[in-house]
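Participant: Questions regarding the structure given below will be posed in turn.
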Amino acid sequence: MGVNTCILLVVGIIGAIFTFFVNEKLGQGPVRSSAGLSLLVASFFLLFPHSLDAYLVKNIPPVFIGSSFIGMVSTRLLSSYLKIGLAGIIFASIYLNTSLFFNGYGGALGTTASISLLVVLSLPVLNLRGNLTNGFSQLTKVIYNSRNRINKTDAD
Amino acid sequence: MNWRKIIRMVSVFLILIIQVLFLFMIFKEHQHFNFISIAVVILLILLLITHVKAPLHHDDHLFEHVLVAIWIPVAATCAYYINNGLHLGAVFAAGLVGTIGSFSPSINKQSTYLKQLPAAIYCGAFIGMSSLRVANGFLFVLAAGFFAGIGLVLSKSLFHGMGGKLGIIAFTGVVIATFFIFIITKYGR
């Protein structure tokens, strides 16, 4: 994995988490958080097009705005920074391997973001109430209980 | 089953189809990369699990007001002009239109109508992010805006609070408009 790929993955995490922070903690609302932050990033690269490698200048703004859509999620569905960061990584990974067929379609980034978010929502370990540690403990309980049940049936 | 439920089911199914199609195209173009193909299949399975299991939708069947959706084509045209007319870039265009739109509730804080505009404006801005290869004129943008507007009206109770909802509505609008233009140019003459 190249340095540029790693940077884009980090941008994916930052975009999602930072938007969520501005949205929920600073109370700016989902649209202003996503659009405002993306406008800042896009303006920076518009004013300083040679500040970074040409590949990064071209790809950081779309990765940022796309991952910022993940941060627009309401706390009712997702409230953990860990899960939002993970969705950001999944988003950046799909973006890096996205199909040429849908290249240039408006809303493609949003579709990628929605897929990443729904994928994270499906992960059972992360979805059991609370944080990751709690999720693991719940999973261990489930496995432990099912083993006990199997042992009991064997004994019977 | 009443017609509201039918519309709801069709809308959810259409969004699912669009997501599956999106992943399928990645799968098709990366068939020779085993790792990517496997990853896409896993993503697809997890996506389907969420669609079946997660509480993504409201129980009631509400529709967005048409006067809210009317802002989608307006925002789409503005963003398209900034993106492809002024050549300032897709992200800058969407960011600028979305940021300006997000301040619309500040005009009158009592108005419930103005509170609903930022989402519609931002959704329209995504259509304006389309490149010239896909959107070759303002007519296409207006058509995509019209279809996305229908999508926004129908999906008020669906995928509530899900990040990327506006994007997928915009994408659906663009895909349907492209499909119609393809049909018209192929069979219309």
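Participant: Examine the stretch B:124-135 for a residue that is touching a residue at least 12 places away in the same chain (Cβ under 8 Å), more than 8 Å from every other protein chain (Cβ to nearest Cβ) and within 30 Å of B:Trp3 (Cα to Cα), and state whether such a residue exists.
Facilitator: yes
Participant: If you don't mind, there's one more thing I want to ask. I'm told A:Ser137 meets every condition in (1) modelled with pLDDT under 90; (2) assigned to a helix (DSSP H, G or I); (3) at the interface with chain B (Cβ under 7 Å from one of its Cβ atoms) except one. Can you identify the failing condition by its number?
Facilitator: Just one mismatch for A:Ser137, condition (3).
Participant: Contact list please: Cβ distance under 7 Å, first residue in the stretch B:74-90 and small (Gly, Ala, Ser), second residue surrounded by fewer than 22 Cβ atoms within 10 Å (Cβ to Cβ) and assigned to a helix (DSSP H, G or I), pairs at least six apart or on different chains.
Facilitator: B:Gly89/A:Leu46
Participant: Mind checking whether some residue in the stretch B:89-107 is in contact with a helix residue (DSSP H, G or I) (Cβ under 8 Å, 6 or more places away or on another chain), hydroxyl-bearing (Ser, Thr, Tyr) and more than 10 Å from chain A (Cβ to nearest Cβ)?
Facilitator: No, the conditions are met nowhere in the stretch B:89-107.
Participant: Taking into account only those residues within the stretch A:69-88 that are of a type in the set (S, T, N, Q) and more than 22 Å from B:Gly98 (Cβ to Cβ), which is surrounded by the fewest Cβ atoms within 10 Å (Cβ to Cβ)? Before the answer, list the steps.
Facilitator: Residues of the stretch A:69-88 of a type in the set (S, T, N, Q): A:74-75, A:79-80.
Right, trim to more than 22 Å from B:Gly98 (Cβ to Cβ) and you get A:79-80.
Working: A:Ser79: 13, A:Ser80: 17.
Taking the candidates together, the pick is A:Ser79.
Participant: Right, here's the next one. Got a number for residues in the stretch B:1-27 being polar (S, T, N, Q), at pLDDT below 90 and in contact with a Leu (Cβ under 8 Å, 6 or more places away or on another chain)?
Facilitator: Within the stretch B:1-27, the subset polar (S, T, N, Q) is B:2, B:11, B:19.
Within this subset, residues satisfying the condition of being at pLDDT below 90 are B:2, B:11.
Retained after the next criterion (residues that are in contact with a Leu (Cβ under 8 Å, 6 or more places away or on another chain)): B:11.
Of the residues in that region, 1 qualify.
Results for (1) touching a helix residue (DSSP H, G or I) at 6+ places or on another chain (Cβ under 7 Å); (2) farther than 23 Å from B:Ala54 by Cα, shown as yes or no for each residue.
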site	(1), (2)
A:Ile17	yes, no
A:Phe20	yes, no
A:Pro30	yes, no
A:Val41	yes, yes
A:Phe48	no, yes
A:Val63	yes, yes
A:Val73	yes, no
A:Gly85	yes, no
A:Gly88	yes, no
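Participant: Quick one: B:Thr172 ticks every box in (1) without any contact (Cβ under 8 Å) to a residue 60 or more places away in the chain; (2) under 22 Å from B:His65 (Cβ atoms); (3) crowded, with 20+ Cβ neighbours inside 10 Å; (4) β-branched (Val, Ile, Thr) bar one, so which box is it?
Facilitator: Exception for B:Thr172: condition (1).
Participant: For A:Thr98, state whether it is at pLDDT below 95, among the hydroxyl-bearing types (Ser, Thr, Tyr) and in a loop (DSSP other than H, G, I, E, B).
Facilitator: Numbers: at pLDDT below 95: yes; among the hydroxyl-bearing types (Ser, Thr, Tyr): yes; in a loop (DSSP other than H, G, I, E, B): yes.
Yes, satisfied.
The values are calculated or read from the model by the stated rules, or taken from the named source; none is laboratory data. Since the structure is predicted, the reported quantities are computational estimates derived from the model, not experimental observations. Methodologically, a virtual Cβ is constructed for each residue, glycine included, from the backbone with ideal geometry; neighbour enumeration extends over all protein chains shown.
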